[in-house]
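**Student:** One structure, as structure tokens, below. Some questions next.
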Amino acid sequence: MRLRLAALLAVVMGMLILLTPGTAIAQATPTPTPSAGAVPTADNPIVEGANITVTLLDLKGGEGKPEPVPGVSLTVLKDSKTGAEVGSQTTDSKGRVSIGIEGNGTYVVELDPDTLPSGVKLSGGGETTKTVEVKLASSNFVQFQIGAVVVEKASFGSKVVDGTRSGIISGLLIALAALGLSLIFGTTGLTNFGHGELITFGAIATYIFNRGVGLPVIVAGILAVVAAAVFGFLQDRILWRPLRNRGTGLIAMMIVSIGFALLLRSVYQYGFGGSTRTLSEYVVQGRDSYLGVDLSHKEVAIVLVSVITITVTCIALMRTRLGKAMRAVSDNPALSASSGMRVDGVISAVWILGTALTGLAGVLLAVQQQVNFQMGFNLLLLVFAGVTLGGLGTIWGALIGSLIIGLMVELGPVFGVPASIKEVGALVVLILILLVRPQGILGKAQRIG
Amino acid sequence: MDFGTILDAALSSALGPQAIVFALAAIGLNVHFGYTGLLNFGQAGFMSIAAFGLAVTVVTWDLPFLVGILVGMVGAVLLALVLGVPTLRLRADYLAIVTIATSEILRLVFGAVEFKDTFGGSNGLTGFVRPYQNLNPYSDGFSLHIGSFGIVSFSKNDLWSITVGWLLVALSCLVVWALMRSPWGRVLKSIREDEDAVRSLGKNVFAYKMQALVLGGVFGGIAGIFHILKQGSAVPTDFNTTFTFYAYAALLIGGAARVLGPVVGSIIFWFLISGIGSFFSEATGGSDPVIPDWIMTQTQSSLVRLILLGLGLMLLMIFRPQGIFGDRREIAIDGR
């Protein structure tokens, strides 16, 4: 499935411009082209006071810079298509019209398709009108695209293949974080609502090492995982261990973790800002075909890194002394302590391992997508869903549950879940599974009390 | 720096509609968490289903306002039943995860482009508030100030919302007070303390928990309806999980398992949030800000209160989990 951005993007502005995504602003204000006077109309200044401003840009299918479309006639009508005409103008060299309006109310912007230059067509449904609600009292930036996206009809089979591919990738990323969550939950019983912020920590640390220090992404990623492990160790030492020693209840600790999550998220936003940023390398890559599945190089790397990490971790937990100690503490901390184990040391090790895994998920997520201060928070519920689905506190369960959640999210749209809310399918499944098998797929029944 | 502006902002939201919404939501959480020990992290879901029940009935289906209120409340009750059946038999953190997931599902569905015709997409719904505002007896706003030193100010619509809202809060508190001193309330409290002991006395714990979940959900629904009435629009993003967490913060400040805990808690919560927000906004604004630009910009200043809120919630839970009024022995915050 390849998306082709075609033809036109139109932007309607009211009087005030507030909170808009950075990209939208970037599209709305094209760099003025001081081209040789081939353009017929003079510039249309933005009308003082109440106005509706439209900028027409040719997105050219997403290739190259968007170009303004001059010479298109636009009409603003009051209330409805058949209402009184408020004003009419032809787009200038910047592709802009600006028409003054009297005040609040409903306005319809109509585009005359006959005046479009040859070769430029409205895409999507090809609507030539757009309704704008103008409310003077509130922020009033309305952006709309006269259908800028044309989807090449993809066959059902290729949709399933594509959904499976992205489902497995996001499932593996969720699994890394879920493994961390499950380890920490298993040994300490803490339902950590701050886990999402540990993912973000990995991503932001990568960004800082990459863009701030100037290291290559791979080195930055390795350092970020180390930083996450140190962060986990310190977090346990400074915050959670004293709480355990004071005998703070688990639900109280859960609420502490909510407060901690809020604190961390706000600190990230304070330092990093609200925008979404990219790393310096591997941002956009073409896809090669591997056995009929299209994968980009970074996707191959992400799959390999996460599969290897998860396998090594799980086997280590089953085979090594430390793994055995972890499982013993998770089964019964008091008994482990009385048989001579250093329970606090084991828990420290779990925090280090858990946050390192979670940080790695953040690093890979930053490479796969972009970096944002709430990327981990947005993933948190899916991580919880994965862990609960597989069985709280089990190791392989977290992996299986996360893969199922990842596939549910990405394959949902193929089977009729609205694409804009594809997470809903996975969350509904979570609730249904709890109805039938509350301990999760691999959980043991007595764990849920 | 103008301390009048800061005090005005702090007091106006501590006594205004915003605090009332949180007080109502926190009263519901108090029934869930404080009295019964249920960890409902999806109070925003109860609010959104009631709010959109009203908005959809009036705007999309064009039915009378009172029918809308009824639909909203029925929605909240149904949601409680649906959530309760799978989770109330399980450990506390399962209810937490399921309720938080459900409130997110509802928020996403209400905001989805695909259902724009019914729920209005991400802009939400407007135009249901007329019957409510028509009842407004006030013709003017209200503001109290000494010279140019502002103390508190409300618009005409706010004044009406405050009247209705505090009345609702008072009624809700009365209901909670009466119920919790009844035998029914004592059973709830003992479920919180020791579920197995109550079961061995022959009480149907599941039924009691379910009734508590429904009751708290109804308070959440009232909060949701009041929220959209006071601002005149139902916007899905208002009902995110942070909303629930703030309501918890308000409850814990005041003290769980106390009738007036959530009310005092939300007043203090909003006094601090607005006061601190306004303080840092004043401190970084103007041509010669008190805090220089390289430490904190105007955008960053709005985050300080969230950082402090997170820190405050942690410290509160660690050092004084019973809040201002609560009793440490009574607040059973240990599951598993």
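The values are calculated or read from the model by the stated rules, or taken from the named source; none is laboratory data. The structure presented is a predicted model; accordingly, all values stated were derived computationally and were not measured. A quick note on method: Cβ atoms are made from the backbone with ideal geometry, for glycine too, and the neighbour counts reach across all protein chains shown.
**Student:** Here are some residues: B:G165, B:G150, B:G120. Which one is crowded, with 18+ Cβ neighbours inside 10 Å, over 25 Å from the mean Cα position of the chain (by Cα) and farther than 19 Å from B:A257 by Cβ?
**Tutor:** B:G150
**Student:** A:S420 is checked against (1) part of a helix (DSSP H, G or I); (2) touching a residue at least 24 places away in the same chain (Cβ under 8 Å); (3) more than 28 Å from A:L223 (Cα to Cα); (4) at the interface with chain B (Cβ under 9 Å from one of its Cβ atoms) and fails just one. What number does that condition carry?
**Tutor:** Evaluating A:S420 over (1) part of a helix (DSSP H, G or I); (2) touching a residue at least 24 places away in the same chain (Cβ under 8 Å); (3) more than 28 Å from A:L223 (Cα to Cα); (4) at the interface with chain B (Cβ under 9 Å from one of its Cβ atoms) leaves (2) as the failure.
**Student:** Scan A:V343, A:V383, A:V363 and give me the residue that is more than 12 Å from the chain's Cα centre (by Cα), among the aliphatic types (A, V, I, L, M) and surrounded by fewer than 24 Cβ atoms within 10 Å (Cβ to Cβ).
**Tutor:** Unique residue meeting the criteria: A:V343.
**Student:** Another question, if that's okay. Based on this model, can you work out whether A:G397 counts as within 11 Å of chain B (Cβ to nearest Cβ), in contact with a Gly (Cβ under 6 Å, 6 or more places away or on another chain) and over 22 Å from A:F201 (Cα atoms)?
**Tutor:** no
**Student:** Could you please find all residues in the range B:296-336 being facing another protein chain (nearest Cβ under 7 Å) and either farther than 16 Å from A:V256 by Cα or modelled with pLDDT of 85 or more (or both)? Spell out the reasoning first.
**Tutor:** Step one: filter the range B:296-336 for residues facing another protein chain (nearest Cβ under 7 Å), giving B:300, B:303, B:306-307, B:309-311, B:313-314, B:317-318, B:321, B:333-336.
Passing the criteria: B:Q300, B:L303, B:L306, B:I307, B:L309, B:G310, B:L311, B:L313, B:M314, B:M317, B:I318, B:R336.
**Student:** Specify which of the listed residues (A:G194, A:G274, A:G180) is of a type outside the set (A, V, I, L, M) and more than 14 Å from chain B (Cβ to nearest Cβ).
**Tutor:** A:G180
**Student:** Something else now. A:L382 - would you say it is at pLDDT below 90 and closer than 20 Å to A:G163 by Cα? Before you say what the answer is, go through the steps one by one.
**Tutor:** On the way: at pLDDT below 90: no; closer than 20 Å to A:G163 by Cα: yes.
In short, no.
**Student:** In the range A:423-442, which residues are modelled with pLDDT of 85 or more and surrounded by fewer than 20 Cβ atoms within 10 Å (Cβ to Cβ)?
**Tutor:** Passing the criteria: only A:V428.
**Student:** Another question, if that's okay. Among A:V230, A:V225, A:V160, which is the only one that is closer than 24 Å to A:E423 by Cα, more than 14 Å from every other protein chain (Cβ to nearest Cβ) and part of a helix (DSSP H, G or I)?
**Tutor:** Checking each option against the conditions leaves just A:V160.
**Student:** Within the range A:389-413, restricting attention to residues that are modelled with pLDDT of 85 or more and of a type in the set (V, I, T), which residue is farthest from A:L317 (Cα to Cα)?
**Tutor:** A:V409
**Student:** Which residue, of A:V329, A:V414, is β-branched (V, I, T), closer than 24 Å to A:F260 by Cβ and away from chain B (no Cβ under 14 Å)? Before you say what the answer is, go through the steps one by one.
**Tutor:** Numbers: A:V414 fails: closer than 24 Å to A:F260 by Cβ.
Checking each option against the conditions leaves just A:V329.
**Student:** Still on this structure, I have one more. Need the failing condition index for A:R241 against (1) modelled with pLDDT of 95 or more; (2) more than 12 Å from chain B (Cβ to nearest Cβ), just the number.
**Tutor:** Single failed check for A:R241: (1).
**Student:** Which one of these is in contact (Cβ under 8 Å) with a residue 60 or more places away in the chain and either in a helix (DSSP H, G or I) or touching a helix residue (DSSP H, G or I) at 6+ places or on another chain (Cβ under 7 Å) (or both): A:F193, A:F209?
**Tutor:** Of the residues listed, the single one that is in contact (Cβ under 8 Å) with a residue 60 or more places away in the chain and either in a helix (DSSP H, G or I) or touching a helix residue (DSSP H, G or I) at 6+ places or on another chain (Cβ under 7 Å) (or both) is A:F193.
**Student:** Could you say which residue among B:A51, B:A26 is at pLDDT 95 or above, farther than 24 Å from B:V198 by Cβ and in contact with a strand residue (DSSP E or B) (Cβ under 8 Å, 6 or more places away or on another chain)?
**Tutor:** Every option except B:A51 fails the conditions.
**Student:** Please count how many residues of the range B:246-286 are assigned to a helix (DSSP H, G or I) and either in contact with a Gly (Cβ under 6 Å, 6 or more places away or on another chain) or without any contact (Cβ under 8 Å) to a residue 40 or more places away in the chain (or both).
**Tutor:** 13
**Student:** State whether one or more residues within the range B:78-92 are of a type outside the set (D, E, K, R) and not in a helix (DSSP H, G or I).
**Tutor:** Within the range B:78-92 (the criterion being of a type outside the set (D, E, K, R) and not in a helix (DSSP H, G or I)), the answer is yes, since at least one residue qualifies.
**Student:** Considering each of B:G127, B:G121, B:G84, B:G111 in turn, give the residue that is out of contact with any Leu (no Cβ under 6 Å at 6 or more places or on another chain), within 29 Å of A:S257 (Cβ to Cβ) and within 14 Å of chain A (Cβ to nearest Cβ). Show your work before the answer.
**Tutor:** On the way: B:G127 fails: within 29 Å of A:S257 (Cβ to Cβ); B:G121 fails: within 29 Å of A:S257 (Cβ to Cβ); B:G84 fails: out of contact with any Leu (no Cβ under 6 Å at 6 or more places or on another chain).
After ruling out the rest, the residue left standing is B:G111.
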